[in-house]
Amino acid sequence: MDRIDALADSFREEIRAHWHWLHAHPELSGEEKETAAYIATELRKMGLEPRENVGGYGVTALIRGAGPGKCLGLRADFDALPIQECTGLPFASQNPGVMHACGHDAHTAMLLGAARVLLKLRDCFSGSVKLIFQPSEEVAAASGARRMIADGVLEDPKVDAVIGQHVNPFDPTGDIGVRPGPMTAASDGFVITVHGKGSHASEPDQGVDAVLIGAHVITALQSIISRNVSPFDNSVLTIGKVNAGTRRNIVAETCTLEGTCRNLKPEVRDAVAERMEKIVKGVTEGMGAGYSFSFIRGYSPVVNDPALCELVVRAASGVLGSEHVHIEEFPEMGGEDFSCFSEKVPGLYYHLGCGRPGEPCQGVHNSRFVPDEEALQVGVRLLTASALAYLSPAENADRQTPAPAQQN
Ligand code: NI
């Protein structure tokens, strides 16, 4: 462990420089050309042979250990958000209106750092580490994970498990949060349009008021969460956007409602979508209007593999001390396309504390979000220690020879 710490520390300046460059050059989902080129160049400098344009701007590279064994994927995302940065950092975004406000720059800098450390520790593991640099996490319709998988990222060599991390400013640097089972929620979207009939506002009987019907739809939809979903299942239904009408003295012809649903179980996800359409149909038709309804499937829940979770908790306890490894009580209701990996192979996704001591906490997706630089070191050490734990000869042997069944 001391060796990992010392190596991570020896690359401190380089890791910081990666972070600063990436932070200053953010690119939106699907447009990360320069970021991908930067990553590939840095991997080449390390003596690796990156594969580029994997499912879009994805980049991968393989680090081989001392002998044959399993292959572990380490994943970092690298797209930015359409936000005007207000941090005042000396290395703030040079692209107006675009900012690394979700820490994906830090994720990438840490994976580049972990690659450096792992290359120095090749003799300490068997099998291989596949570095997975993923574009386009923020836009569900263009998920980089999905596209990289379709382009074979989990093959040749076949990836046996994947680990990913995400910075979390609500925990202090030096702490991590993780849990077996669901870690993030399914995040779906929907658009509902009520088709009424316009009329003069003083003659509502001549029209079909899409605003009034839209209001009933909004209220009725909330009954799904309170009356149809079990109190023991987590589910959210939020309408975040309403658009209707043109003038105050005209009965609105249409009313459009847009929102999102979050939940953790496939059966709840399907049931909510089905109930929604029934309610929209019943309310609108009952009140004399027509409707259109589209349910846009986003990311599935990230479900952490229990055995992999145990392994990473053990490795993280060695790095940070077990008092700094928190088993989170609840999943987060946000979405994350790491689920595309964890649906295919055992996956583990954890939250890396990056709260700055003494600074007011700004959440991710905020124009003032700045992760604590020291968290980069922690993330590099965790990725490395987790990889060594998974690929150490003892662990490989354990998994290849199942323990005899207990007799009792
Ligand atoms: Ni993110």
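The values are calculated or read from the model by the stated rules, or taken from the named source; none is laboratory data. The structure displayed is predicted, hence computed values, not measured ones. Here the Cβ is made from the backbone with ideal geometry for all residues, glycine too, and neighbour counts use every protein chain on show. Surface accessibility is based on the protein's heavy atoms, side chains included, excluding ligands, DNA and RNA. Shrake-Rupley method; radii C 1.70, N 1.55, O 1.52, S 1.80 Å.
Among the residues of segment 177-197, write down those that are under 26 Å from Ala307 (Cα atoms), more than 16 Å from the ligand (Cβ to nearest atom) and in contact with a Gly (Cβ under 9 Å, 6 or more places away or on another chain).
Of everything in segment 177-197, just one residue is under 26 Å from Ala307 (Cα atoms), more than 16 Å from the ligand (Cβ to nearest atom) and in contact with a Gly (Cβ under 9 Å, 6 or more places away or on another chain), namely Ala186.
Looking only at residues that are within 16 Å of the ligand (Cβ to nearest atom) and either open to solvent by 30 Å² or more (accessible area, probe 1.4 Å) or assigned to a loop (DSSP other than H, G, I, E, B) (or both) in segment 95-107, which one is farthest from Asp156 (Cα to Cα)?
Within segment 95-107, the subset within 16 Å of the ligand (Cβ to nearest atom) is 98-107.
Keeping just the survivors that are either open to solvent by 30 Å² or more (accessible area, probe 1.4 Å) or assigned to a loop (DSSP other than H, G, I, E, B) (or both) gives 98, 100-103.
On the way: Val98: 35, His100: 32, Ala101: 33, Cys102: 31, Gly103: 29 Å.
Out of the qualifying residues, it is Val98.
Within segment 1-41, can you find the residues that are polar (S, T, N, Q) and either closer than 17 Å to Ala115 by Cβ or not in a loop (DSSP other than H, G, I, E, B) (or both)?
The initial filter retains those residues of segment 1-41 that are polar (S, T, N, Q), namely 10, 29, 35, 41.
Scanning segment 1-41 gives Ser10, Thr35, Thr41.
Out of everything in segment 68-79 that is in contact with a helix residue (DSSP H, G or I) (Cβ under 8 Å, 6 or more places away or on another chain) and open to solvent by 30 Å² or more (accessible area, probe 1.4 Å), what residue ends up being nearest to Ala24 (Cα to Cα)? Working first, answer last.
Applying the first criterion (in contact with a helix residue (DSSP H, G or I) (Cβ under 8 Å, 6 or more places away or on another chain)) to segment 68-79 yields 69-70, 72-79.
From what is left, the residues that are open to solvent by 30 Å² or more (accessible area, probe 1.4 Å) are 69-70.
Details: Gly69: 39, Lys70: 36 Å.
My answer is Lys70.
Taking segment 127-175, which residues are more than 16 Å from the ligand (Cβ to nearest atom), open to solvent by 30 Å² or more (accessible area, probe 1.4 Å) and part of a strand (DSSP E or B)?
Result: Pro172, single match.
Quick check on segment 56-67: of everything there that is open to solvent by 10 Å² or more (accessible area, probe 1.4 Å) and among the small types (Gly, Ala, Ser), which residue is nearest to the ligand (Cβ to nearest atom)?
Step one: of segment 56-67, the residues open to solvent by 10 Å² or more (accessible area, probe 1.4 Å) are 56-57, 60, 62, 64-67.
Pick out the ones that are also among the small types (Gly, Ala, Ser) and you get 56, 65-67.
Numbers: Gly56: 17, Gly65: 30, Ala66: 34, Gly67: 36 Å.
For segment 56-67, the residue satisfying everything is Gly56.
Does Met110 meet the test of being farther than 28 Å from His324 by Cβ, open to solvent by less than 10 Å² (accessible area, probe 1.4 Å), away from the ligand (no atom under 13 Å from the Cβ) and in a helix (DSSP H, G or I)?
Details: farther than 28 Å from His324 by Cβ: no; open to solvent by less than 10 Å² (accessible area, probe 1.4 Å): yes; away from the ligand (no atom under 13 Å from the Cβ): yes; in a helix (DSSP H, G or I): yes.
When the stated conditions are applied, Met110 does not pass them.
Can you tell me how many residues within segment 272-294 are touching a helix residue (DSSP H, G or I) at 6+ places or on another chain (Cβ under 7 Å) and open to solvent by 50 Å² or more (accessible area, probe 1.4 Å)?
Total satisfying the criteria: 3.
Do any residues in segment 73-89 that are within 18 Å of His107 (Cα to Cα) have Cβ atoms under 7 Å from those of residues that are assigned to a loop (DSSP other than H, G, I, E, B) and among the small types (Gly, Ala, Ser), where the two are at least six apart or on different chains, and which pairs are they?
Asp79/Ser29; Asp79/Ser136; Leu81/Ala101
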